[in-house]
Structure formats: structure tokens, C-alpha cells
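One structure below.
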Amino acid sequence: MDDAGLFSGGPNPILLVVVPLGFAFALPLIGFVSKKILKYIPVGVFMFNLVVALRLLPLVLKQPILVEIGGFSPPFCINLVAGPVGILFSALIALAGLLVAVYTLVYIKEGPEEKYHILYLLLLTAATGVVLTGDIFNLFVFFEILCISSYTLVAYVGNRAGIESSVKYLIQGAVGSSLLLIGIGLLYGLFGTLNMADLARQIVSVGSSSAFIPMAFMITGLGIEAAIFPLNSWLPDAHSSAPSSVSAILSGIAIEVGLYAVVRILFTLFGLSSFFLFFVFLGVLTLLIGEMCAFSQNNIKRMLAYSSIGQIGLILFAFAIATAYAVTGGLFQMISHTLGKGLLFLAAGYMIVRSGSMEISSLKGMGKRMPLTALAFTIGAFSLVGLPPFIGFPSKFLIIRSALAEEALIFNILIGLILLGTVIEGAYFFRVVQVIYFQKENEHQKRHEAPVAALIPMFLFMIAIVAIGIYPKLVTGILDSAASELLDRVDYIRSVIQ
Amino acid sequence: MVFSQVIHFLQNHIYYIGAFGLIFIGLLIILVKHNLIKVIIGLSILETGVNLFLIAVGYISNGTAPIFSNPSVETQRMVDPVPQALVLTAIVIGVAVLALALSLAIRLYQHYGILDLRQIREQKW
Amino acid sequence: MILVVSLLVLVMLLAAIAAFFFKDLMSAVIAACMVSLIASILFYFLQAPDVAMAEASIGAALVTAVFIVAIRRTERYEK
Amino acid sequence: MRSIISILLLAFIAWGIVTVIGEIPFGTEKSRVGGHYVDQGREETGASNIVTSVVLNYRGFDTLGEVTVLFVAAIGLGAALATRRKKEKREIEPASLVLYTGCRFLFPLILLFGGYIFIHGHLTPGGGFQGGAIVASAFILVYLGCRGRRISETVSKTIESLGGLVFVVVGLVGLAVGGHYFLLNFLPKGELNTLFSAGIIPILYIAIGFKVGSELAGVIDHLMEESE
């Protein structure tokens, strides 16, 4: 156990997982004292997490931090690997969690609120656990927490659509996690370890044929949560019938964490080499299907949900190219999607509350009734489509440029298809924006803006979107080292097992 | 001769056959049946199968259970404790998922009278 | 020994198949309970007493109780 | 049509498994990690049940997650079955005297048995989860036999929260004592095969036992409660 170099004075990354978990357990007790302060606890917890993650960020850029739980050395313990990727995602999760928690202060008014806050805390804690852990079975456990709290939050409203989509999501998700567990069992049988770095070290030495089957099981299992094309039929229902604050987290965080797990397993565990063209095609297919379905929707939340499928496709495409440039683009697009989709769902949430319907046509005149919320929606939409000066522009640009750098005919065709997808995306977002601003309402209604506590997180999202959009260098440095962490297996193995 | 071959085959594969048999029957129930409770029964069988598979992976021939209840007995081979720990976790996770699924099924039936997955609105693409 | 195990596995698989075919959900649940119980015996044979206990107390007993309660509050027969 | 597709899918999976299962021979030693636990487990953790030492010490973080899964499911079940109306007192047909007396007689015995199992988790087979399930089954017996008796929701919520908090706090104390190892086994290991050994393991298992017992009993309670 060599202590030197493990810590350079920062806080312990395990706090990112343990502190929210502790507060989640304590919430019912706090509820006995006062019901009113319950909803402020997620805000406080994620503020703490954000501060810890931001303090760790400069440290891990120099050297990844290895956290050995229980005081044993890997592979005999569960370890967390707080590298650039893990801490970057933790910071993103904490940021989105914080902003959505502020929004929730006023948005969630009915139902078993105490349970909502516990589940919300645990959902994001589990997401943080997934991105930090360095143990494949621990990843499975955190994934289960993430899934189970998502099932429940989807059913939170308790209407028919919510329960139905929750049941659908639960059955598909449970089959997915069983497949993941079979994959883990096969890997353990083949290599006798569960530590990801140890597994990665041994998988090089065995021909890829025997590693392929466990990989297929694991990717299929995780693909359900990551909403990769043939496995995503649960997503539009689940994301559209959850409360809007939950949809923002499910779209912005949950599926991206699923995709992170897929990518981590492909790159670090199996050293993705020969299957990558398959994933490139799958990505483009997911993108096109998502965007085309989004185009044909009349329900705003379903439209946003399908648009998430499209974005996931784009991110998968970027990762599957597997050059340093493209992976940077994929990570950038993940940040851009979290911020953009979070903003869109939050804005749409209050527009739906005010208009009383999820139909796009009922959003007429929202530009006059709720100008600030409408502005937020517009910025989110423009950013997702990829217009400058918002964050979506540099991220999409990076992906396209990295695909062009491949210099193969097939990639040129695929880029054409992706641009087609972007055009479709632009078409349906502009249609909504046009309805919001330019269609006259029949009867004039008074201006009725969303409450301040809901506007503040939207503003912060907007500031982040514009700031990174204008000055992408804010994040590209971190993204570059994160991309190299994902691609460099040898370094990952060396940082865990000395 | 044939008999001993069969015995040999069974010795090496019977647990795997049982585990994957359960996994397949479970998956088949989930894929083919429409009744929600039946599908959840399928999930439970699937989970049992996965657990059996994990334990079978950790077995070592003629090993003993990994418990030192008698300190004087030493140097006997013990079966791998890791899959057992994993399966303990998996069983608890399984019961959590099953209970949640059944509560949703009860809610769905009592409020909307649905127990058939075909009645759950088909996916609108 | 191996024959006993084979027989148990056979019965377990038959119970699972029965769970597939029973129209009466209560019978299907009992069949699933039997699968769990035999699995628990197999865990014991595989030198995993901890898991055998967990499977018997959680997988066979509690899950069955939860299923039976759920069936009582919904419908008993599959249509 | 649907069943044909399903069977094709399953055949595909079966092909995959058959190709890979040949490389996982039954009954051979596969893992360096497992061997290490068996050889070093007693010295490093002080528990004579190696499975317990793996569950709570080497892979204690998994168990924290597992406890959380059960917590989430119990909370989610409460949310899914949340009734808007207050509980009404309903006329319940009382059980027969024999059943009633039998249940009341067995209840403390089963509780005792469950308690024994989770207190001795580091010495004998069993532990917090199994013991907790047995405790919960005692409550099922009471629900069935002595109808109308319910555990108070406040008590069960408190036990659940405290159980989880004990786990997290013990882990954090390890973090504080040992520098930077969460869940460090900071208490003295004691003598092997005695009740007071294995450091933090019995504490954690007792906390888990209480938590699992009250959660599973709560799950059954919620499910049995007639809503409308």
C-alpha cells in the first residue's frame, strides 16, 4: 500500500458518494423534526458535491486518485478511480442535480414529497457511484440503485401513463440487469476477478473470441439503460410521463451514465478494436430514428424524449470513432446535451403547468405570457441544434471534424446522414419556437411568468450554455485529458495496479 | 461405458444445465406471456437461474464451505467465497425489484383494471 | 450423489416449465417457489450455506408471500 | 410471430453461452482473488465466515449499495401504493383462538432466531440479510394470524434510517481513524471464533439485520394494506 501519491491534499472522492447516501438515509429522521427543510437538503448536498468535485478537478488532471475502500489493495478491494472522466462527470451530475433541486423547490408540490427527495438524492448518488467505481460488480450495484429509483420516479405522478411506462421500463430494465449480471458471471468465470483494471490486464492475454460473449451480454444489458437503438422502446414513455424535473435528470444524466458505462466497458475493459464500425452504424441509426420520431410528435415532452435518443446516437457515433479527437467531441456533446436538455425540460415543465397541456399547439403565445421561460426554451433548442454561439455548436463541430479526419468514403456518407439528422432536429425545434413566439392566441391571457426559484436554475443553465459556447476552452482542456484517460488502457491499469 | 460417460458429462455440466435452463425458461416467460404477474414470475425464475450460475462458477470440486467453524481443521480446499457474496447481493436486489414490480402491478390493476401487457398502450413511433 | 443432483435439477426445470404453462397464477407461484427451494438445496450442495439460507428465507418464503398477496389483490387466473 | 422471434433470440443467446461455457470448466479454481480471501481472510478481518468477511469488509461498499437498493425499493413501494385517504379501521374477522395463540407464542421465538442469525453472522452461516428476512417472516406470521396488528410506521422508518446511518457512520469513522480508507475495520479483531471478534463486522451485520427486517416487514405491510 503505497500512500505517497495517492493523495495530494484534496478531499477524499468517496465523500461524493457517501455524503449524499448518508443524507438520504437521514432524510426520514429529519422529516420527523421538520417537513419544511426536507426540500432544501438536496440543494445543500449537491452544492457540497459540486464544491468537492471542483476542488478535486485540478488534482486529478495531474494524476488520477485511487480510493481503496476498506484498506486493502486492488484487486482485493473495491476501488474508486477518480480520474478526469469520473470527476468531470461527478461535477456535471452535481451541477445538474443542484440546479434541478432548486427548480424542484417550487415545482413539486403534491404527492409523497419526502419520498421524492430521497429517491432524487439516491438517483444522482448512484449515477456518481457508476462514474467513479473501478469494480464491475460495484458498477452493477450502483446501476441497480439508479434504475430502481428511476422506475419509481417515473411512476411518481401516479397517473395511468406514469404507472404503465414505469412497468414497461421496469421489466425491460430488470431483464437488462440480469443480462449484465450473466456477463459479469462469465467474466468472473473466465478471468477470476472483478476489478476493472485487473480484468483489462487479463483480457489482452486471451483471444477476443471468448471475451466477445460476455461483452455482448454486458453491452446489451447496459444498452437498455443507455437507450441504444433496438433497446430503447421504454424511453419516450418513461421520460414523457415523469415529472419534468425528473425528466431533466433522466434525459440529462441517467442515459448518459448508461452510455458512459458502455463506453468504459468497451474501451477500458475490452479495448474496443474490431467492432467499432458496428457501433458507428448503430449510433447513426439511433440518431436518425430518434430525430425522425421526434419530428412526428405532437406532445412536447415526447418530442424532447425522442430528441434525447437522437443525441445519444450522436454521442455513440463520436465515441465509436475512437480517436482522441472524436472522444473529446463525444464527451463535449454529453455536457452539451445535459445542459441543453436539462434547460429544455425545465422550461417545458413550467410552460406545461401554465398551459395545462403537453400538446405543442397549446404553447401558442407563450412568448408573450412567459417571456423568460420561452427565452430559456429557445436557447436550449438552439443549443441542441448546434447554432453558434451556444455550447451545441463547438461540440457538434468537433464531432463532425473528427469524423472528417477519418478520410473514408463511408464516413463522408455518415456525416451526410448526421447533418440530415441535424436538419430534422432543427426543423422540429424551430416549429416549436415558431409556435411559442409567432402564433397568436385566440384570447389574450395575462403575463404569468414561472416563479423565481424556477427561473434561477434556468438562468444558470443558460449562462453555462452561452459561456462555454463562446469560450469552449473553459472545458476542452479537461475534456482532452478525460478522452486520453478513456482511450489509454495501459495507463488506467497502471494507475490502479502498481 | 456409455453410462459412465453420461455420469461424467452430468458431473461437469448438470449445474450449468440447470442454471441456463432456468434462465431460458425465465426469458421465455417474459418474452411470450402477456399477464403482468406471470411476467414477474418469469423475472424471479430468471434471477434464480443467474444466481445458480454464479454459484456454480465459484464451486471447486471437493471443496468445503468457506467457513472456519472448527479452528483445528486446516488446509482443506474451500470454494470461492466471492460468487457467494455476489449472489447474496443479487438475491436482495432481486427481491427489491420483484416487490416494486408487484406493487406497480397492484396499483395498475386497482386503479385501471389492467393486468395485461397488451393493454398497455403500444409504442407510438 | 450426482444422480440425486440430476434428479433435483430435472424437477426444478420441470417446475419452471410448469410455471410457464399454468393458467392459475397461484399454482404458477407455487411452482416458482419450488424452483427457489430446489435452487436453495443446490446452493447447499455447492457448499454455499450462506446463499442457501438467503435463497430459502428470501427467495422462497418472502417472495412467495409477496406474490400471493399481490395475486389476492389482483386476478387469480391468466386470461 | 412474437414467440418465433423470441425463440430465435434465445437460440442465439444459447449459441453464445455454449461457445463460452466450455472455457469455464466446472469445479476448478479460477480466481486468485478468492484464494487470497480464503488464505488471508481470517487474519485480515478476524471473521471465521469468509463469505461474511467478503460481504462486509472486502466488498463492503457493494453491501452498502445493496442496503440502499432495498431502501429505495421500500420507499418506492410506499410511493407507488401511497393512499390519499387515511387508514380506516375495518372490521376484520378474527382468527381462531388456536391460530392467534400459536402466532403470539411463535412470534418472539422467531424473532430470537432471526436475531441469533444476524448476531452470529461472522461465525456461522447466515447474517444480516438472512436474519432480517427471518425477522420479517415473524411479522408476516403476526399479520396473518393476529389480524389488525400493524407495526408503527414511525418505528419502522426510524429503524430503517438508523440502520443505514450506522453503516455510513461506521464507514466514515474508519475514514477518520485510518486516514483515507472508507469502511476500514478499525476495531480490534479479537480472538477468532468468538462472538466479540472481527471488529466492525458484527456491528454492521446487526444494523443490516434490523434494517432489512423492518424494511421487508414494511414491504409486506404496505402490500397487504387494502387501499380502497
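The values are calculated or read from the model by the stated rules, or taken from the named source; none is laboratory data. The shown structure was predicted, so the numbers you read here are calculated from the model rather than taken from an experiment. Here the Cβ positions follow ideal geometry from the backbone for every residue, glycine too, while neighbour counts run over all protein chains shown.
Here is how the numbers come out for the structure above:
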read-out	value
Helices (runs of 4 or more DSSP H) wholly inside segment A:207-314 that include at least 1 residues being among the aromatic types (Phe, Trp, Tyr) and over 21 Å from A:VAL423 (Cβ atoms)	A:208-226, A:255-264, A:276-295
Per-region count, segment A:136-163, residues modelled with pLDDT of 90 or more and either over 22 Å from A:ALA305 (Cα atoms) or within 7 Å of another protein chain (Cβ to nearest Cβ) (or both)	13
Cross-chain or 6+ apart pairs with Cβ under 7 Å, segment B:111-125 first and more than 19 Å from A:GLY158 (Cα to Cα), then modelled with pLDDT of 80 or more	B:ARG118/B:HIS34; B:GLN123/A:SER233; B:TRP125/A:CYS293
Only one of D:VAL67, D:VAL72 that is within 23 Å of A:VAL175 (Cα to Cα), at the interface with chain A (Cβ under 7 Å from one of its Cβ atoms), at pLDDT 85 or above and surrounded by 23 or more Cβ atoms within 10 Å (Cβ to Cβ)	D:VAL72
Lone qualifier among B:SER69, B:SER44 - being among the hydroxyl-bearing types (Ser, Thr, Tyr) and more than 7 Å from chain D (Cβ to nearest Cβ)	B:SER44
Flag for B:LEU31 being more than 10 Å from chain D (Cβ to nearest Cβ), modelled with pLDDT of 85 or more and part of a helix (DSSP H, G or I)	no
Neighbours by Cβ (under 6 Å, 6+ apart or cross-chain): first from segment A:355-378, among the β-branched types (Val, Ile, Thr); second outside any helix (DSSP H, G or I)	A:ILE360/A:ASN298; A:THR373/A:ALA450
Breaking point among (1) of a type in the set (Phe, Trp, Tyr); (2) more than 25 Å from B:LEU88 (Cα to Cα); (3) at the interface with another protein chain (Cβ under 8 Å from one of its Cβ atoms), for D:PHE26	(2)
Only one of C:LEU25, C:LEU10 that is surrounded by fewer than 23 Cβ atoms within 10 Å (Cβ to Cβ) and away from chain D (no Cβ under 14 Å)	C:LEU10
Single condition D:PHE182 does not satisfy, out of (1) within 13 Å of chain A (Cβ to nearest Cβ); (2) at pLDDT 85 or above	(2)
Single match in C:ALA70, C:ALA61, C:ALA56 (criterion: without any contact (Cβ under 8 Å) to a residue 40 or more places away in the chain, within 14 Å of chain D (Cβ to nearest Cβ), buried (at least 17 other Cβ atoms within 10 Å of the Cβ) and more than 20 Å from B:ILE55 (Cβ to Cβ))	C:ALA70
Helices (runs of 4 or more DSSP H) wholly inside chain C containing at least 3 residues that are among the hydroxyl-bearing types (Ser, Thr, Tyr)	C:25-45
Single residue of segment B:81-115 satisfying the filter (more than 7 Å from every other protein chain (Cβ to nearest Cβ) and surrounded by fewer than 24 Cβ atoms within 10 Å (Cβ to Cβ)) that is farthest from B:ILE40 (Cα to Cα)	B:HIS111
Any hit, segment D:183-191, residues being among the acidic types (Asp, Glu) and not in a loop (DSSP other than H, G, I, E, B)	no
First in segment A:462-488 and without any contact (Cβ under 8 Å) to a residue 60 or more places away in the chain, second anywhere and surrounded by 19 or more Cβ atoms within 10 Å (Cβ to Cβ) and part of a helix (DSSP H, G or I), Cβ under 6 Å, 6 or more apart	A:LEU474/A:ILE468
A:GLY31 within 14 Å of chain D (Cβ to nearest Cβ) and crowded, with 18+ Cβ neighbours inside 10 Å	yes
Flag if A:ILE118 is surrounded by 24 or more Cβ atoms within 10 Å (Cβ to Cβ), of a type outside the set (Lys, Arg), more than 10 Å from chain D (Cβ to nearest Cβ) and within 26 Å of D:ASP62 (Cα to Cα)	no
Failed condition for A:THR193, given (1) touching a residue at least 60 places away in the same chain (Cβ under 8 Å); (2) assigned to a helix (DSSP H, G or I)	(2)
Unmet requirement for C:ILE2, which otherwise passes all of (1) within 14 Å of chain D (Cβ to nearest Cβ); (2) crowded, with 18+ Cβ neighbours inside 10 Å; (3) touching a helix residue (DSSP H, G or I) at 6+ places or on another chain (Cβ under 7 Å)	(2)
Residue under evaluation A:ARG201, criteria (1) more than 25 Å from D:THR19 (Cα to Cα); (2) more than 8 Å from every other protein chain (Cβ to nearest Cβ); (3) modelled with pLDDT under 90, criterion not met	(1)
Residue in segment A:365-380 that is closer than 16 Å to A:ILE312 by Cα and crowded, with 20+ Cβ neighbours inside 10 Å present	no
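For (1) over 16 Å from A:LEU132 (Cα atoms); (2) at pLDDT 85 or above; (3) within 11 Å of chain D (Cβ to nearest Cβ), each residue gets a yes or a no:
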position: A:LEU16; (1), (2), (3): no, yes, no
position: A:LEU59; (1), (2), (3): no, yes, no
position: A:GLN63; (1), (2), (3): no, yes, no
position: A:SER73; (1), (2), (3): yes, no, yes
position: A:ILE78; (1), (2), (3): no, yes, yes
position: A:VAL85; (1), (2), (3): no, yes, no
